[in-house]
Every structure is written in C-alpha cells, then in structure tokens.
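Where a number appears in this text, it was derived from the coordinates with a stated rule and is not lab data. Note that this is a predicted model, so its numbers are computed, not measured. Don't worry about glycine lacking a Cβ; one is built from the backbone with ideal geometry, like all the others, and counts go over all protein chains shown.
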Amino acid sequence: DLILTEKGFMQQNELSYPFEERGLQFGDGVYEVIRIYQGNYHLLNEHVDRLFRSAEAIKIEVPFSKTEMHEYLSELLEKNSVAKDAKLYLQLTRGSAPRSHEFPLNVSSNLYAYVKDFERDLESMREGVATVTLEDIRWEWCYIKSLNLLPNVLAKQHAKEHGAKEAILYKEGMVTEGSSSNIYLVRDGKVYTHPATKRILGGCVRMKIQELCKEKEIPFIEEAFQVEDISYADEMFATSTTAEILPILKVDTVSVGDGEPGKITRELQRLYEKDAHI
Ligand code: PLP
C-alpha cells in the first residue's frame, strides 16, 4: 500500500516519525477525509480548499501547491487498488521538533495521506438513527479541521454509550453541529442549520446540500435553532463525508416528527446519490 508524504510516495510501513512530533504531542495539525466513489474523489476541490484554509488559519505551510496536491492525490489513487467505495485520510502537522509550545524554527511540516476501502453505511441511511444532545465544550475555532478531536471523541463515545449514533452539540442553547457531522432541522418545508461561522466546521456535504436545496427551491436557512425547537421539527438529518445523509429519528427521548425518515431528507438523499453517481 502506497502512501503520499511531503517527501513523495512511499510504502505505508516505511513511514516513521520521531516521538517528538507536533501532531502527536500537541495535536498541532489539520486533516481531511475525502470520499472515493467508483474510483473517483468526491467533492475534491472543496476538501482541498478547506485543507488549505485550515492550514493557513493555524499558520502551517502546506508542502505542495493546490495544483500539485490535486496531481498527487490523483496519483495516489492510481497507485493503489481500492474497492468501489473508499476514503482518503490526509493529515498535515507543523512537523517534528524538540517539544516546546512555540512554533519551531526551520522545521518543515509533515504530511501523509492514504486511501482505504470504506463501505457506505446503507442501513443507517435507510433506517435512520438515534442521537443524544450534549453541551458543546469545544473552542471557538471549530471551522478549522484540527487534529484536536478530544471533545469530539468524548462526545461520540457518550453517544455510543447511550445507544445513539451521533451526539448533537449545543452552545448557549443553540445546536451547533454533531460530533462528526452537520445537523439540520426541517420545518414547514424549510431546512434550518447553524450558519457557517467559526463555531462549526463548514462541511463539504453541507455545501452540496445547500446547492441541492437551491436547485430544488427548498429554502435553506442558515439560522441556528435551539434544542427546544427539536420538539417542533418535522424532520432532522445529519451530514458528513463518511455518513452522507442520515435521517435522525430520535433526539434523547424525543421522537422527531412522526419518527420516520422525512420526505425532504429522502429527497436530498436521492439527489445526493444522483449528483455523486452512486
Ligand atoms: N462537523 C464536524 C465536527 C466534522 O468532524 C465533520 C466531518 O467529519 C463535519 C462537520 C462534516 O464535514 P464534511 O461534510 O466535510 O465531512
């Protein structure tokens, strides 16, 4: 299995890091997950753009230009044989240096990316999922896809321990996003979601949802809703690169709408699959 690094392509088992690596010691880095359908990257431009935005926000230099990044990622996919459905994981850190909080001098960033088979979770998409709410204790710069995922990890584990698939996070009573997804509420034929401020990660699937809503003249309203509004929702759903579009049937003990995947959710799932040719 070949991987891409800042030094070029190498075998997966050839990659090694000194133990003083800033991604490991400080979570000082950013990452991306990109979906591969039928041997092609999905929403590649959006993901590459976001990677560069995340890196710039925390002043990490990307070792390649955007054009090179596109070329190398294509080459990575060509060099590996993956199944029909797969994903790419890429991470970029500030580099390896003796442990000290401030940015190290004359140190170049570390990057690696690999592709891996990854099946679609058709059952969750079809049947819908249960969720739990949890206070969003994260920092104010959640628009950066940072390696610091501890609050997200704890939130997802909390969901799992409560028999749920996702944790819906709220800050000051307002739903921000999921532990690894964006969250939407549908009421009277309108789709509501938290605006793409610094408090959430602007999802690549979210962008696509916005586009699909526009095409179908479904009002897409970037307005945060409150946890209490969930009782009045007709439908809810979550989106992410790996989960795609998940109907949310339950939030804590509350059933959403009639407790079945909603009409608009189903329509968006259909449009998303059509658009992605899956
Ligand atoms: N919000 C968070 C916190 C995430 O981790 C993710 C993705 O994993 C998303 C939103 C959805 O982003 P995307 O649609 O780009 O996968």
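As a proxy for reagent exposure, ranking 193, 241 by other Cβ atoms within 10 Å from fewest up yields 241, 193.
With R₀ set to 25 Å, the beta-carbon distance separating residue 260 from residue 140 gives a calculated FRET efficiency near 0.10. Gyration tensor analysis over the Cα atoms of the range 41-157 returns equivalent ellipsoid semi-axes of 28, 24, 13 Å (largest first, whole Å).
Remind me, relative contact order of the range 39-189 in percent, using alpha carbon pairs under 8 angstrom and six or more residues apart?
Rounded, it is 18 percent for the range 39-189.
Note on the range 160-202: the C-alpha convex hull projects to 3.9 nm² when averaged across all orientations.
Let a ≥ b ≥ c be the square roots of the eigenvalues of the Cα gyration tensor of the range 208-255; is it rounded (a/c under 1.5), or, if not, prolate (a/b larger than b/c) or oblate? In terms of gyration-tensor shape, oblate.
Under a straight-distance cross-link criterion of Cα-Cα below 29 Å, which lysines are reachable from residue 171, leaving out those fewer than 8 residues away in the same chain? Those lysines meeting the cut-off are 59, 145, 156, 160, 190, 198, 208, 214, 250, 263. Going from the residue with the fewest nearby Cβ atoms within 10 Å to the one with the most, 255, 16, 96, 54 rank 16, 255, 96, 54. Counted by neighbouring Cβ atoms within 10 Å, the residues 15, 111 run from fewest to most as 15, 111. Computed over every Cα-Cα pair of the range 122-276 and binned at 10 Å starting from 0, the pair-distance distribution P(r) comes out as 11, 46, 36, 6 percent. With kT/(6 pi eta Rh) evaluated at 37 °C and eta = 0.692 mPa s, and Rh the Kirkwood radius from Cα pairs, the chain diffuses with a coefficient of 167 µm²/s according to Stokes-Einstein. Legend: helices of the chain (whole DSSP H runs) are marked when their alpha-carbon atoms reach 15 angstrom or more along the helix axis and their mean Kyte-Doolittle hydropathy is at least 0.0; nothing is marked. Could you please tell me the mean projected area of the C-alpha convex hull for the range 23-72, averaged over all directions and given in square nanometres to one decimal? For the Cα atoms of the range 23-72, the hull's average projected area reads 4.0 nm².
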